[in-house]
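Undergrad: First, the structure itself, so that you have it in front of you.
Read the figures in this text as sums done on the coordinates, not as results from a lab. Everything quoted here is computed from the prediction, not taken from an experiment. Cβ atoms come from the backbone with ideal geometry, glycine included; neighbour counts cover every protein chain shown.
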Amino acid sequence: STSVNLSSFICLSNHCGRCPQGWRLLNATCYYFSDEGLHKRGWEQSRQDCVNKGGDLAVVDTQEKQKQHQILQASRLGYWDGFWIGLKDDHTEGVWKWRDGASLERGHWREGEPNDFYSAEDCAATYPTSKPLEAWNDAPCNHPLKWICEMSP
């Protein structure tokens, strides 16, 4: 029997299946890790940068995605280099929702997190750690951090 690759017929652009320069392809999704030196932003400004690039803040809704992001972060960053992800609890404290409105099914929080320590920690960030499934921390949304964007190739 003959196998036909339909994607080669459906793809009308020479960029199909590829990520823009500076983005990494992981399991059919393109990811951008902000690496602009010491330049960091709040959650909203980070999200706007992702939108300007044609994507949005990353939704890390599986263990596999979390582990992949940890590998990429740990390869180039220090312990305190957090990255914003597309998760907030700004409408109802303790009710975490992804930027698309989906509820958080399972978080990958550091021990003792989320703790709303400053009574205004409504945005989530992921940090490099030796325990990839315990990497998230809640932080004030205006806190300057790096960020992870995602988009379809």
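Undergrad: Gain in length, S103 to L133, computed as 0.36 nm per residue apart minus the alpha-carbon separation, to one decimal in nm? Mind showing how you got there, number by number?
TA: Numbers: separation 30, 0.36 × 30 = 10.80 nm, distance 1.83 nm.
Net length gain for the segment: 9.0 nm.
Undergrad: Any of K65/K146; K40/K131; K53/K97; K53/K131; K88/K131 with alpha carbons more than 20 Å apart? Name them for me. Walk me through the numbers before you get to the answer.
TA: Values: K65/K146 18 Å; K40/K131 24 Å; K53/K97 23 Å; K53/K131 30 Å; K88/K131 22 Å.
Over 20 Å apart, Cα to Cα: K40/K131; K53/K97; K53/K131; K88/K131.
Undergrad: Through the Karplus equation 6.51 cos²θ - 1.76 cosθ + 1.60, θ set to phi - 60°, convert the phi angles of the stretch 108-119 into ³J(HN,Hα) values in whole Hz; use x for Gly and Pro.
TA: Each residue's phi maps through the Karplus curve to give 10, 6, 5, 4, x, 10, x, 10, 6, 3, 9, 6 Hz.
Undergrad: Going by a ≥ b ≥ c, the root eigenvalues of the Cα gyration tensor, does the stretch 7-151 fall in the rounded group (a/c under 1.5), the prolate group (a/b larger than b/c) or the oblate group?
TA: Details: a/c = 1.70, a/b = 1.61, b/c = 1.05.
Judged from the Cα gyration tensor, the stretch 7-151 comes out prolate (a/c at least 1.5, a/b above b/c).
Undergrad: With the cut-off at 1.5 for a/c, could you classify the stretch 107-153 from its C-alpha gyration tensor as rounded, prolate or oblate?
TA: Cα axes put the stretch 107-153 in the oblate bin.
Undergrad: Quote the charge dipole size of the stretch 7-151 about the Cα centre in Debye, to the nearest 20; the model charges only the Cβ of Lys and Arg (+1) and of Asp and Glu (-1).
TA: Details: 16 positive and 21 negative charges, 139 e Å.
Computed charge dipole of the stretch 7-151: roughly 660 debye.
Undergrad: Full extension from Q21 to Q45: what is 0.36 nm times the residue separation minus their Cα-Cα distance, to one decimal in nm? Intermediate values should be presented prior to the final figure.
TA: Numbers: separation 24, 0.36 × 24 = 8.64 nm, distance 2.13 nm.
Extending this stretch completely gives an extra 6.5 nm.
Undergrad: Sort H143, H69, H39 so that the residue with the fewest other Cβ atoms within 10 Å of its own Cβ comes first and the one with the most comes last.
TA: On the way: H143 17, H69 24, H39 10.
Lowest to highest Cβ neighbour count: H39, H143, H69.
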